[in-house]
1. In the structure displayed, which of LYS66/LYS167; LYS81/LYS174; LYS66/LYS175; LYS59/LYS96 lie more than 19 Å apart, Cα to Cα?
2. Starting from the Cα of LYS175, step 7 Å along the direction of its Cβ; do the same at ASN124; then give the gap between the two resulting points in nm.
3. How would TYR63, TYR149 line up by accessible area, probe 1.4 Å, largest first?
4. What full-extension length gain, to one decimal in nm, is calculated for ASP97 and ASP132 as 0.36 nm per residue of separation minus the Cα-Cα distance?
5. List, in order, the whole-Hz ³J(HN,Hα) value for each residue of the stretch 137-148 obtained from phi through the Karplus relation with A = 6.51, B = -1.76, C = 1.60 and θ = phi - 60°; use x for Gly and Pro.
6. Which value, in Å² rounded to 10, gives the accessible area of VAL141 with a 1.4 Å probe and all protein chains present?
7. Near the amide H of ALA45, under 5 Å away, which other amide H atoms are found, from residues 5 or more places off or on another chain, if H is placed in the peptide plane?
8. Which value, in Å² rounded to 10, gives the accessible area of PHE72 with a 1.4 Å probe and all protein chains present?
Amino acid sequence: MRRNALAFVLLVVVVLAMMAGGRYLDRTRKHGPIKLAGDVHGVPAPDFDLLALDGQKVKLSDYRGKAVLLNFWATWCPPCKIEMPWFVELQNQYGKDGLVVLGVAMDDSAAPKIAEFTHEMGINYQVLLGTDQVSDDYGNVQYLPTTFYIDRNGLIVDKMAGLLDRKDIEDSVKKALNSSYRATSALANQAAVAAKRSTGKRAV
């Protein structure tokens with residue numbers, strides 16, 4: 001009985017440690033305008049211009065017409081490590097259907113260290129170096145992992161914060177893939193986001 005009780009307590013401690021390990025709170029920096037707040041379903045996903053591990057610049061708009069799984073993570077985040085093999089499997093399974101997995105690393109490790117980590121994890125998808133700006137653009141990302149599911153027209157169809165099971169992740173991937181690409185709609189979304197940014201700058 002004592003062994004069972006001790007094992008249960010140990011399990012609870014491990015689970016809580018994993019959950020706490022996924023927190024990403026930086027109260028010391030000043031935040032810019034928070035673009036995403038509240039219910040983000042159907043909202044155009046903010047474009048970004050981030051460096052990949054190979055030094056190339058990557059924009060979200062480069063993948064218009066594709067369904068995007070945008071995952072914010074860190075090398076020190078235990079729940080993130082649990083999700084990563086699922087993302088590898090989903091990229092393999094649905095890549096032919098138009099799925100693109102993008103991982104945004106939100107820790108302070110240098111690019112070579114992150115590259116070494118992704119190699120050890122067997123990552124088969126694009127990994128980008130996160131910034132405070134992209135965190136703010138996506139609603140001030142405070143918990144890792146946080147994942148956005150973006151349809152072929154650049155609209156957010158789902159958002160998940162924290163570790164969920166693989167089925168929930170796959171269901172959201174299917175939602176994003178089931179959208180039909182409409183070039184005129186995608187262009188209108190980009191114009192709306194650009195206009196909003198321009199208005200915000202003039203108001204400062």
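The values are calculated or read from the model by the stated rules, or taken from the named source; none is laboratory data. Computed from a predicted structure; not experimentally measured. Every residue, glycine among them, receives a Cβ derived from its backbone with ideal geometry; neighbour counts consider all protein chains shown. SASA here: full protein model, heavy atoms, side chains in, ligands and nucleic acids out. Shrake-Rupley method; radii C 1.70, N 1.55, O 1.52, S 1.80 Å.
1. Numbers: LYS66/LYS167 21 Å; LYS81/LYS174 22 Å; LYS66/LYS175 12 Å; LYS59/LYS96 21 Å.
Flagged as over cut-off: LYS66/LYS167; LYS81/LYS174; LYS59/LYS96.
2. 2.5 nm
3. Details: TYR63 50, TYR149 5 Å².
From most accessible down to least: TYR63, TYR149.
4. Details: separation 35, 0.36 × 35 = 12.60 nm, distance 3.19 nm.
Separation in residues times 0.36 nm, less the Cα-Cα distance, equals 9.4 nm.
5. 4, 9, x, 6, 5, 10, 10, 10, x, 10, 10, 10
6. Surface open to solvent at VAL141 totals about 10 Å².
7. LEU155, ILE156
8. Probe radius 1.4 Å; accessible area of PHE72 about 0 Å².
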